[in-house]
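Participant: Pasting a structure here, questions to come.
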Amino acid sequence: MAAAVSIFQNNLAEKLILVDKNEDLAKGEAMDLMHAQGYNGRCSVSFKQLEELDEIDIIIISAGVSQKDGETRLDLLNRNAIILKNIIQSLDKTCPHSLIIMATNPVDILTYVAQDLSSRNSKKIIGTGTMLDTSRFRSLLGEYYNVDPKSVHAYVVGEHGNSEVLLWSSAAIAGKSILDSKVLGKKIDKESIEKITSDVTYAAYSIIEKKGYTSWAIGIIISHMVSIISQNKKSVVPLSVRVEDYLGVSKTCLGLPVVLGREGVEEILPIQMSKEEENLFKASGEMLANIISEMDY
């Protein structure tokens, strides 16, 4: 619903269709949201059964059991893979040409599984990847330097989870390296680097502990992806995509900067990493690939 509200508010769709196992909930949310058209502008909002869908441009899959307090994203895997299989099989029958955005955790593994289960081109099934982690990284650096986070150039790559890699070596503001330069009168110290790294990596756990789930930031992230796709902006964003021998990592999906357009992922871009970051990235990818290799779906 956070994604639906953000898409609605930003006038990114002519039509929004909500699908949920709880039909009354989806119908109620659809009615509630559509009543704002008088001030926000025309956007039809309705409910349908999964098997009733037909020609849809973009499908957002956020269905799945919620992450529990203290539960890692990988613990969710077996429970959510079964749900995903049923959804993909239905969508291949009703919407075989739609672009799919995966937002169910663990998003990297489930994006890979969805690509394997679906008959559509794998470039049209993309996970939200490390877009949220990257936004968290830029936001905290923006707070540290008291500058607009949009002016911070920094990425998080690898798993959307505990093994993610914050690329401090290439983080910059106005072309100045954060690690090597004094930026806006400040030089970042080791303690701040460690705190920001921890706050980004474990942000979801802290939010879940306090409110039970994450919603608003990832909803805005999804809305931003819809904007890029629908307007064919060809923006560079870090999404969960399938790799074959990317710095030695294969047979998995994980977060990397890509060119995103109307047809999905157009190109995976090489990115500069320090030797330590490269080793952490490889370890993250190998961990995900090992889990996938043991799955039976």
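The values are calculated or read from the model by the stated rules, or taken from the named source; none is laboratory data. Predicted model only: the values in this text are computed from it and were never measured. Every residue, glycine among them, receives a Cβ derived from its backbone with ideal geometry; neighbour counts consider all protein chains shown. To get the accessible areas, we keep the full protein, side chains included, count just its heavy atoms, and leave off ligands, DNA and RNA. Shrake-Rupley method; radii C 1.70, N 1.55, O 1.52, S 1.80 Å.
Participant: Between Val65 and Ser192, how high is the FRET efficiency from 1/(1 + (r/R0)^6) when r is the Cβ-Cβ distance and R₀ = 35 Å? Nearest 0.05.
Facilitator: Once the sixth-power term is evaluated, E becomes 0.45.
Participant: Report the Rg/Rh value for the chain, based on alpha-carbon coordinates and the Kirkwood definition of Rh.
Facilitator: 0.97
Participant: Here's something else I'd like to know. Would you kindly calculate the mean projected area, averaged across all directions, of the convex hull enclosing the Cα atoms of the stretch 150-259, in square nanometres?
Facilitator: In nm², the orientation-averaged hull projection of the stretch 150-259 is 8.9.
Participant: Another one. State, to one decimal in nm², a quarter of the convex hull surface area for the C-alpha atoms of the stretch 58-201, i.e. the direction-averaged projected area.
Facilitator: Average projection, Cα convex hull of the stretch 58-201: 9.8 nm².
Participant: Can you give the extra length, in nm with one decimal, that the chain gains between Ser181 and Val236 once fully stretched, where that is 0.36 nm per residue apart less the Cα-Cα distance?
Facilitator: Once the chain is fully extended between Ser181 and Val236, it gains 17.3 nm.
Participant: Quote the charge dipole size of the stretch 225-292 about the Cα centre in Debye, to the nearest 20; the model charges only the Cβ of Lys and Arg (+1) and of Asp and Glu (-1).
Facilitator: With only Lys, Arg, Asp and Glu charged at Cβ, the dipole is about 240 debye.
Participant: Next question. What is the distance in Å between the Cα centres of the stretch 216-267 and the stretch 20-34?
Facilitator: Cα centroid of the stretch 216-267 versus Cα centroid of the stretch 20-34: 29 Å apart.
Participant: Determine the per residue accessible area of the chain with all protein chains present and a 1.4 angstrom probe, expressed in square angstrom.
Facilitator: Value for the chain: 50 Å² per residue.
Participant: About the Cα centre of the stretch 31-160, what is the dipole size in debye to 20, counting +1 per Lys and Arg Cβ and -1 per Asp and Glu Cβ, all else neutral?
Facilitator: Roughly 160 debye, rounded to the nearest 20.
Participant: Magnitude of the Cβ-charge dipole of the stretch 100-241, K/R +1 and D/E -1, about the Cα centre, nearest 20 debye?
Facilitator: 520 debye
Participant: Continuing with the same structure: Rounded if a/c is under 1.5, else prolate if a/b is larger than b/c, else oblate: which is the stretch 2-66, with a ≥ b ≥ c the root eigenvalues of its Cα gyration tensor?
Facilitator: Cα axes put the stretch 2-66 in the prolate bin.
Participant: With a sphere of radius 12 Å drawn around the Cβ of Val5, what net charge do the other residues whose Cβ falls strictly inside it have (Lys, Arg +1; Asp, Glu -1)?
Facilitator: That works out to -2.
Participant: Let me ask another. Kindly point out which whole DSSP H helices in the chain project their C-alpha atoms 24 angstrom or further along the helix axis while averaging a Kyte-Doolittle hydropathy of -1.0 or above.
Facilitator: Those that clear 24 Å and a mean of -1.0 are 77-94, 275-293.
Participant: Treating only the Cα positions of the stretch 46-113 as identical point scatterers, give the base-10 log of I(q)/I(0) from the Debye formula at each q in 0.22 Å⁻¹.
Facilitator: Per q value, in the given order, log10 I(q)/I(0) is -0.93.
Participant: Using every Cα-Cα pair within the stretch 23-141, state what percent have a distance larger than 20 Å.
Facilitator: More than 20 Å apart: 53 percent of the Cα pairs in the stretch 23-141.
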